[in-house]
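**Student:** Here's a structure for you.
The values are calculated or read from the model by the stated rules, or taken from the named source; none is laboratory data. Not measured: the values here are computed from a predicted model. Cβ placement follows ideal geometry from the backbone for every residue including glycine, while neighbour counts extend to all protein chains displayed. Surface accessibility is based on the protein's heavy atoms, side chains included, excluding ligands, DNA and RNA. Shrake-Rupley method; radii C 1.70, N 1.55, O 1.52, S 1.80 Å.
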There are 2 protein chains.
Amino acid sequence: MHLFYDPNIDQSTVSYQLNETESRHACKVLRLKEGDKIGLLNGKGMYAEAEITGADPKRCQVKLVAVHLEEAPDYTIHIAICPTKMNERMEWMVEKVTELGVTEITFLLSKNSERKALKLERFENIAVSAMKQSKRLYLPKINELVKVDAFIKNNPNGFIAHCYEGEKHNLSTVFDRSSPILIGPEGDFSPEECELAKTNGYKELSLGANRLRTETAGLYACMQALMTI
Amino acid sequence: MHLFYDPNIDQSTVSYQLNETESRHACKVLRLKEGDKIGLLNGKGMYAEAEITGADPKRCQVKLVAVHLEEAPDYTIHIAICPTKMNERMEWMVEKVTELGVTEITFLLSKNSERKALKLERFENIAVSAMKQSKRLYLPKINELVKVDAFIKNNPNGFIAHCYEGEKHNLSTVFDRSSPILIGPEGDFSPEECELAKTNGYKELSLGANRLRTETAGLYACMQALMTI
């Protein structure tokens, strides 16, 4: 079943018109005809089976024939991470953590960040593809770049992974099913950022004995958190 | 400290000549001079500090000044996986599992494999880079493509992840610190391959409720195994 995504459909939707790009994809590329079935996802727990009623390659019309709703996960896995210099390393992390079931991703700007700007749209598209591929019904929320200091003040009592000395915990034993997990840039968080986190109730994390790349650390932390769920 | 890799050096090595590529890298690219220090790794537990005694960009000479030996891990994490159609997905998996501490990777040819040939050299180079980057002293063994059937017969009593019905276990509760973990191709193992595994003492694995890509499954299984170590 070919899957299409639109955040604006919901269980009250009866008929629906695919946008132009998707209409072309459905009717030209996939050569779907009237009567063929597709799946619709809204990234908020809904999966609908729909039947094509008008196979127009610019305005493909469908009617919904069955709706399945899934409850939202009863946990939050929120990875707050400083984007890597190489964008593709972040892209694959977004794909992998989406496949695994992350619920929220925030990009952080640290004093030591090499990348100081990023476009969310591409990350969102990657998350949509990963959601479809892994048959998930919830799309993770992806947040704009925000300064580490501001994030910590607005989200106290989280977890922070860094490479300085400290009272380090293993996430799999301390994760509380909700608080954000901070992963630093290639040059690590600054000492001041770590100190600010500690004074705001953050627990320090060890991600094992070896130096992991930023994106590997993000994925590893996500997997550790998931294993406690 | 810049790191160089050669599997042929060992603790008896006193002086050493970098090969032509590495000599050029050391003396031309990094502009290292006589008296500068480099690190040498053999991928078998040795880290040596060496001093440049002849900064020739074709034949850079070094002498070893200190040797550190690390014991081999007392576990085996052996991921046996059908390579994905897109080579770069396997490449990043090799990078990530090396960072994390996999000890052996075997590429498998399944009845449903789309990729039926591969070049090991690029994977080996990626593993060497990941070993350096993550400051590991052991390079994972990477094995040639082998048929699933033959692998199972030669390596009984392992673990197999598949998407059919079955008596599924969670790797984190059954992993025995040594047996191979089999990950299938995009189209899954064939029913006959799964049956053969079961008759050869393989335990079936569940990797969670969602459909993971081949390379994500490989990484996820590796992380689960590591968490039991």
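**Student:** For A:GLY54, what charge total do you get from the other residues with a beta carbon under 10 Å from its beta carbon, if Lys and Arg give +1 and Asp and Glu give -1?
**Tutor:** Local net charge: 0.
**Student:** List the relative contact order of segment A:1-54 as a percent without decimals, with contacts defined as Cα pairs under 8 Å and 6+ residues apart.
**Tutor:** 44 percent
**Student:** On to the next question. As an exercise, identify the trypsin sites (Lys or Arg not before Pro) in segment B:96-196 lying in DSSP coil whose Cβ has no more than 10 other Cβ atoms within 10 Å.
**Tutor:** B:LYS116, B:LYS119
**Student:** Can you pull the Rg over Rh of segment A:1-104, Cα-only, Kirkwood?
**Tutor:** With Rh from the inverse mean 1/r over Cα pairs, Rg/Rh is 1.07.
**Student:** Let me ask another. Per residue, what volume in Å³ does the Cα convex hull of the protein assembly as shown take up?
**Tutor:** 173 Å³
**Student:** Inter-copy label distances at A:VAL67, 7 Å along the Cα→beta-carbon direction, one decimal in nm, shortest first?
**Tutor:** Label-point distances to the other copies, shortest first: 7.2 nm.
**Student:** I want the local charge near B:LEU3. Using Cβ-Cβ distances under 14 Å, sum +1 for each Lys or Arg and -1 for each Asp or Glu among the other residues.
**Tutor:** +1
**Student:** Taking each residue in B:127-137, count the Cβ atoms of any other chain within 10 Å of its Cβ, then average. What number comes out?
**Tutor:** That average works out to 2.
**Student:** Something else: Determine the gain in length on full extension of the stretch B:ASN154-B:TYR75; use 0.36 nm per residue of separation and subtract their C-alpha separation, reporting nm with one decimal.
**Tutor:** Working it through step by step, the gained length comes to 26.5 nm.
**Student:** Something else: Express the accessible area of segment A:78-226 per residue in Å², computed with a 1.4 Å probe while the remaining protein chains stay in the model.
**Tutor:** Result: 42 Å² per residue.
**Student:** How many percent of the accessible area of the protein assembly as shown is carbon or sulfur, using a 1.4 Å probe?
**Tutor:** Whole-percent figure for carbon plus sulfur exposure: 45.
**Student:** Going through segment A:84-149, which chymotrypsin sites (Phe, Trp or Tyr not before Pro) have at most 10 other Cβ atoms within 10 Å and a DSSP loop state?
**Tutor:** none
**Student:** For chain A, what is the percent of antiparallel DSSP beta bridges, rounded to the nearest 5? Could you put the intermediate results ahead of the total?
**Tutor:** Values: 17 of 40 bridges.
The antiparallel fraction comes to roughly 45 percent.
**Student:** Determine the dipole magnitude for segment B:31-170: charges of +1 sit on the beta-carbon of Lys and Arg, -1 on that of Asp and Glu, nothing else is charged, the reference point is the Cα centre, and the result goes in debye to the nearest 20.
**Tutor:** The dipole of segment B:31-170 has a size of about 440 debye.
**Student:** Can I ask one more? Projected onto the charge dipole of segment B:119-213 (+1 at Lys/Arg Cβ, -1 at Asp/Glu Cβ, origin at the Cα centre), which of B:PRO180, B:PRO140, B:THR199 gives the Cα projection farthest towards the positive end?
**Tutor:** Towards the positive end, the residue furthest out is B:PRO140.
**Student:** Taking the label point as lying 7 angstrom from Cα along the Cα-to-Cβ axis, what are the distances from B:ASN170 to the corresponding position in the remaining copies, in ascending order and in nanometres?
**Tutor:** Here B:ASN170 shows inter-copy label distances of 1.5 nm.
**Student:** OK, next. Per DSSP H run of n ≥ 4, the term is -39500 (n - 2.57); total these for chain A, divide by its residue number, and report the mean residue ellipticity at 222 nm rounded to 500 deg cm²/dmol.
**Tutor:** Details: 7 runs with 66 residues, N = 229.
Mean residue ellipticity, 222 nm, calculated: -8500 deg cm²/dmol.
**Student:** Between B:PHE189, B:ASN170, B:LEU219, whose Cα lies farthest towards the positive end of the dipole of segment B:76-229 when Lys and Arg beta carbons carry +1 and Asp and Glu beta carbons carry -1, centred on the Cα centre?
**Tutor:** Going by the charge dipole, the pick is B:LEU219.
**Student:** With a cap of 14 neighbouring Cβ atoms within 10 Å, and only residues DSSP puts in a loop, list the trypsin sites (Lys or Arg not before Pro) found in segment B:1-79.
**Tutor:** Passing sites in segment B:1-79 are B:ARG31, B:LYS33, B:LYS58, B:ARG59.
**Student:** Same structure again: As a quick test, which of the pairs A:LYS141/A:LYS198; A:LYS44/A:LYS119; A:LYS116/B:LYS96; A:LYS153/A:LYS198; B:LYS37/B:LYS132; A:LYS96/A:LYS141 have an alpha carbon distance above 19 angstrom in this structure?
**Tutor:** A:LYS141/A:LYS198; A:LYS44/A:LYS119; A:LYS116/B:LYS96
**Student:** Shape verdict for segment B:78-226, please, from the Cα gyration tensor: rounded (a/c under 1.5), prolate (a/b greater than b/c) or oblate.
**Tutor:** Here segment B:78-226 falls in the prolate category.
**Student:** Please report which chain A residue places its beta carbon nearest the axis carrying chain A onto chain B, with the distance rounded to a whole angstrom.
**Tutor:** Rotation axis A onto B, closest Cβ, rounded to whole Å: A:MET223, 2.
**Student:** If you don't mind, another one. Which distances, shortest first and in nm, link A:LYS153 to the matching position in the other copies, using label points set 7 Å out along Cα to C-beta?
**Tutor:** Spacings between copies for this position, smallest first, are 6.9 nm.
**Student:** Defining a contact as two alpha carbons under 8 Å apart and six or more residues distant in sequence, what relative contact order in percent does segment A:151-229 show?
**Tutor:** Details: 96 pairs, mean separation 36.3, N = 79.
Reported relative contact order: 46 percent.
**Student:** Residues of B:94-101, mean number of Cβ from any other protein chain within 10 Å of their own Cβ, rounded to a whole number? The partial results should precede the final answer.
**Tutor:** Working: counts 0, 2, 8, 1, 0, 8, 7, 3.
For peptide B:94-101, the averaged partner shielding equals 4.
**Student:** How many nm is it between the label spots at B:ASN143 and A:SER172, if each spot is 7 Å from the Cα in line with the beta carbon?
**Tutor:** 2.5 nm
**Student:** Just tell me the longest site-free run in chain B, where the sites are GluC sites (Glu not before Pro) in a DSSP loop having at most 14 other beta-carbon atoms within 10 Å. Walk me through the intermediate numbers first.
**Tutor:** Values: sites that count: B:GLU34, B:GLU70, B:GLU71, B:GLU114, B:GLU165, B:GLU167.
For GluC sites (Glu not before Pro) (loop position, at most 14 other Cβ atoms within 10 Å), the longest site-free span of chain B is B:168-229.
**Student:** Something else now. Hey, can you list the residues from segment B:181-218 whose accessible area shrinks by 10 Å² or more with all protein chains present, relative to the chain by itself (probe 1.4 Å, no ligands or nucleic acids)?
**Tutor:** The answer is B:ASN210, B:ARG211, B:LEU212, B:ARG213, B:THR216.
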